[in-house]
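Take a look at the structure below.
The values are calculated or read from the model by the stated rules, or taken from the named source; none is laboratory data. Just so you know, these numbers come straight off a predicted model, no measurement behind them. Cβ coordinates were reconstructed from backbone atoms using ideal geometry, including for glycine residues, and neighbour counts include every protein chain displayed.
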Amino acid sequence: MNRVISPKNSQKIMKTIFWGSGIFTVFLLILIIGYILVNGLPVINLNFIFGQPIDNGAAGGILPFIISTVYVTFVALVVATPLGVGGAIYLAEYAGENALVKAIRFGSEILASIPSIVFGLFGFAFFVVYLNFGFSVLSGGLTLALMAMPTILRTAEVAIESVPKSYSEGSMALGASKWQTIYQVILPAAVPGIITGIILGMARAVEETAAILYTVGAAMQAPVSIFDPGQPLPLHLYTLATEGISMPFAYGTAAILVILILIITIVTNALVDRYTKKMMGR
Amino acid sequence: MPYRLEVENLNVYFGESHILKDINININNNMVTSLIGPSGCGKSTFIRTLNRMNDTIPTFKKDGTVLIDGKDIYDPDVDVVDLRKKVGMVFQKPNPFPKSIFDNVAYGLRIHGLNDKDIIAKKVEKSLKEAALWDEVKDKLEMSAMGLSGGQQQRLCIARTIAVEPEVILMDEPCSALDPISTTKIEDQIHKLKNDYTIIIVTHNMQQATRVSKYTAFFLHGEIVESGLTDKLFMEPVDKRTEDYITGRFG
């Protein structure tokens, strides 16, 4: 038989292709983050981070927008985490396989792939107008919670299902109830995966623009009450760029956003890593 | 003396398949009984019927009675939690929880409502000593149990089981994943434990059955072919199939 390419060569070629794809991904990441930082870092100083905006953000600082981001994301997570994790526990431990469960899974998949502007529109119609929450941190946070929940649910479900069955058998054999087993053995073992899901959900909330466009308002002051309007960083960035207020400040805002996400990801990864090491005795 | 465990005409089904057929066996107090037989003969299913672990399998069905201390454990008024406290189980693969060594042993005590820290600490120490693990772990009780060796993990699982003071301990091939030295340690432990507990051990290893148990039952295709004193069963088997199995002609 005549082979066009020998196994040895095809191995080499494929390895190169895979290596290339990996390198290309990392290169893209570095390129984007690098571009943002190179353009954004020059305007960043203490006054930019901790100052109040002047002339719609053409000068001064972005503190109210940072506070808005943290506030809205916090509201989103406080709502989405218990719902997502609770739903995941139900699906993974109690539900079994039936039509309702399939419907929930299908629903959460669809929910995860709906364009964010549609969430924004729904949030506007339902939270802002119908429930009369107005343009507020609450309306924006709840809209973001709807978006983050399916992500948290799916990731947490996978995390709970991947806890070895032998753990729960050991617990049941000692006379533990189902809930004792879930709460004291399964959930602690699934924590790293659940946290990953929460971080993914949070990243989606922090960086989201379209979903908050119609719900959170466009205030220049930091929100205090949950019913106050705000202006999270992505929205401010969008305004700065599209309305031509200040491109350097747009890059500066983008850089702060990127740094914020990097810090959150790195810190949680480190904490999860420590937890896993302690739990698994490595 | 009454039997601790009496099984009468037990049949177990998983869906359509008939796993255990007309099992009749009485098991004595404070004694070790081995269950031997080839893979898939129903030994594990049998011991999982004794602490109702099969209840978690939706297709599980049974008829016949299983009495422990004269009480049918499948009676509607029996609380599975109480039953499993009384009938502990050690699994084939060591399955410590991903918690500290101390918390693994304390787990059973805590879920049964014990809160007193001093009493828990005392019981943890006592259980680890009974399981011959104390000297190896006493300086690292706060370390994760997952960092122990396989043999240590299995002894920890035994300590975890005896901490809740069961009366019967079921062991499902507890040494099959262990090296010979760890196996010897577990067998030594079984010898010590048999004075205080009724132990039923499933094993593939016939030497192990002769070393640890007074009684042996031979399972084949879901039936008990022969049971009786271990020495007699191995020296003068009555049934031809028992003889074929213990002389290694099949299985």
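Tell me which residues, restricted to the stretch B:62-98, are surrounded by fewer than 20 Cβ atoms within 10 Å (Cβ to Cβ), facing chain A (nearest Cβ under 8 Å) and assigned to a loop (DSSP other than H, G, I, E, B).
Selection gives B:K93 alone.
Name every residue in the stretch B:37-61 that is within 14 Å of another protein chain (Cβ to nearest Cβ) and basic (K, R), in order of residue number.
Of everything in the stretch B:37-61, those that are within 14 Å of another protein chain (Cβ to nearest Cβ) and basic (K, R) turn out to be B:R48, B:R52.
Within the stretch B:20-46, which residues are within 24 Å of B:G248 (Cβ to Cβ) and either part of a strand (DSSP E or B) or of a type in the set (A, V, I, L, M) (or both)?
Within the stretch B:20-46, B:V32, B:T33, B:S34, B:L35, B:I36 qualify.
Only one of B:I190, B:I162 is within 29 Å of B:G42 (Cβ to Cβ), touching a residue at least 40 places away in the same chain (Cβ under 8 Å) and touching a Ser or Thr at 6+ places or on another chain (Cβ under 8 Å). Can you tell me which?
Exactly one residue qualifies, and that residue is B:I162.
Can you tell me which of (1) buried (at least 21 other Cβ atoms within 10 Å of the Cβ); (2) more than 14 Å from chain B (Cβ to nearest Cβ); (3) more than 22 Å from the chain's Cα centre (by Cα) is the one A:T151 doesn't meet?
Only one criterion in (1) buried (at least 21 other Cβ atoms within 10 Å of the Cβ); (2) more than 14 Å from chain B (Cβ to nearest Cβ); (3) more than 22 Å from the chain's Cα centre (by Cα) is unmet by A:T151, namely (3).
Filtering the stretch B:153-198 down to residues that are over 28 Å from B:D69 (Cα atoms) and of a type in the set (V, I, T), which residue is farthest from the other protein chains (Cβ to nearest Cβ)?
This residue is B:T184.
Looking only at the stretch A:103-133, count how many residues are surrounded by 16 or more Cβ atoms within 10 Å (Cβ to Cβ) and in contact with a helix residue (DSSP H, G or I) (Cβ under 6 Å, 6 or more places away or on another chain).
Number of matching residues: 9.
Examine the stretch B:6-19 for a residue that is assigned to a strand (DSSP E or B) and free of Cβ contacts under 8 Å to residues at least 12 places away in the same chain, and state whether such a residue exists.
Within the stretch B:6-19, the subset assigned to a strand (DSSP E or B) is B:6-14, B:17-19.
Imposing the further condition that a residue be free of Cβ contacts under 8 Å to residues at least 12 places away in the same chain reduces the set to B:17.
Yes, the stretch B:6-19 contains at least one residue that is assigned to a strand (DSSP E or B) and free of Cβ contacts under 8 Å to residues at least 12 places away in the same chain.
Out of everything in the stretch B:229-251 that is of a type outside the set (D, E) and under 15 Å from B:R211 (Cα atoms), what residue ends up being surrounded by the most Cβ atoms within 10 Å (Cβ to Cβ)?
Per the criteria, the residue is B:L233.
Looking only at the stretch B:107-138, how many residues end up being within 11 Å of chain A (Cβ to nearest Cβ) and part of a helix (DSSP H, G or I)?
5
Against the definition (out of contact with any Phe, Trp or Tyr (no Cβ under 7 Å at 6 or more places or on another chain), within 23 Å of A:W179 (Cβ to Cβ), polar (S, T, N, Q) and surrounded by fewer than 18 Cβ atoms within 10 Å (Cβ to Cβ)), how does A:N98 come out, yes or no?
yes
If the requirement is being without any contact (Cβ under 8 Å) to a residue 24 or more places away in the chain and on the phi < 0 side of the Ramachandran plot, which of these qualifies: A:R204, A:R282?
A:R282
State which residue is farthest from the other protein chains (Cβ to nearest Cβ) when the search covers only the stretch A:259-282 and only residues that are β-branched (V, I, T) and closer than 14 Å to A:L233 by Cβ. It would help to see each step written out before you state the result.
In the first step, residues of the stretch A:259-282 are kept if they are β-branched (V, I, T); the result is A:259, A:261, A:263-268, A:272, A:276.
After this cut, where a residue has to be closer than 14 Å to A:L233 by Cβ as well, the list is A:259, A:261, A:263-264.
Details: A:I259: 34, A:I261: 30, A:I263: 28, A:I264: 26 Å.
The qualifying residue farthest from the other protein chains (Cβ to nearest Cβ) is A:I259.
Assuming A:A211 fulfils every condition listed in (1) of a type in the set (A, V, I, L, M); (2) surrounded by fewer than 23 Cβ atoms within 10 Å (Cβ to Cβ); (3) over 30 Å from B:V90 (Cα atoms) apart from one, which condition is it?
Among (1) of a type in the set (A, V, I, L, M); (2) surrounded by fewer than 23 Cβ atoms within 10 Å (Cβ to Cβ); (3) over 30 Å from B:V90 (Cα atoms), A:A211 violates only (2).
Can you name every residue in the stretch B:139-152 that is more than 22 Å from B:R211 (Cα to Cα) and within 14 Å of chain A (Cβ to nearest Cβ)?
Once the filter is applied, which keeps residues that are more than 22 Å from B:R211 (Cα to Cα) and within 14 Å of chain A (Cβ to nearest Cβ), the stretch B:139-152 yields B:K140, B:L141, B:E142, B:M143, B:S144, B:A145, B:M146, B:G147, B:L148, B:S149.
Among residues belonging to the stretch A:49-105 that are among the polar types (S, T, N, Q) and within 24 Å of A:E207 (Cα to Cα), point out the one that is modelled with the lowest pLDDT. I'd like the intermediate steps shown before the answer.
Let us first name the residues in the stretch A:49-105 that are among the polar types (S, T, N, Q), namely A:52, A:56, A:68-69, A:73, A:81, A:98.
Filter again for within 24 Å of A:E207 (Cα to Cα), leaving A:52, A:56, A:68-69, A:73, A:81.
Values: A:Q52: 91, A:N56: 85, A:S68: 94, A:T69: 94, A:T73: 94, A:T81: 96.
It comes out as A:N56.
Take the stretch B:1-43 and flag every residue that is closer than 18 Å to B:F234 by Cβ and surrounded by 16 or more Cβ atoms within 10 Å (Cβ to Cβ).
Scanning the stretch B:1-43 gives B:I25, B:M31, B:V32, B:T33, B:S34, B:L35, B:I36, B:G37, B:C41, B:K43.
Name the residue, out of A:A205, A:A190, that is part of a helix (DSSP H, G or I), within 14 Å of another protein chain (Cβ to nearest Cβ) and touching a helix residue (DSSP H, G or I) at 6+ places or on another chain (Cβ under 8 Å).
A:A190
Give A:I199, A:I245, A:I182 a once-over and let me know the one that is touching a residue at least 12 places away in the same chain (Cβ under 8 Å), touching an Asp or Glu at 6+ places or on another chain (Cβ under 9 Å) and surrounded by 18 or more Cβ atoms within 10 Å (Cβ to Cβ).
One residue alone meets the criteria, A:I182.
Contact list please: Cβ distance under 8 Å, first residue in the stretch B:201-229 and modelled with pLDDT under 90, second residue among the aliphatic types (A, V, I, L, M) and surrounded by fewer than 23 Cβ atoms within 10 Å (Cβ to Cβ), pairs at least six apart or on different chains.
B:M206/B:I246
Are any residues in the stretch A:157-187 at the interface with chain B (Cβ under 7 Å from one of its Cβ atoms) and in a loop (DSSP other than H, G, I, E, B), and if so, which ones?
Within the stretch A:157-187, A:L174, A:G175, A:A176, A:S177 qualify.
Out of A:I245, A:I256, I need the residue that is outside any helix (DSSP H, G or I) and either more than 18 Å from the chain's Cα centre (by Cα) or away from chain B (no Cβ under 14 Å) (or both). Which one?
Just a single option satisfies the conditions, and that option is A:I245.
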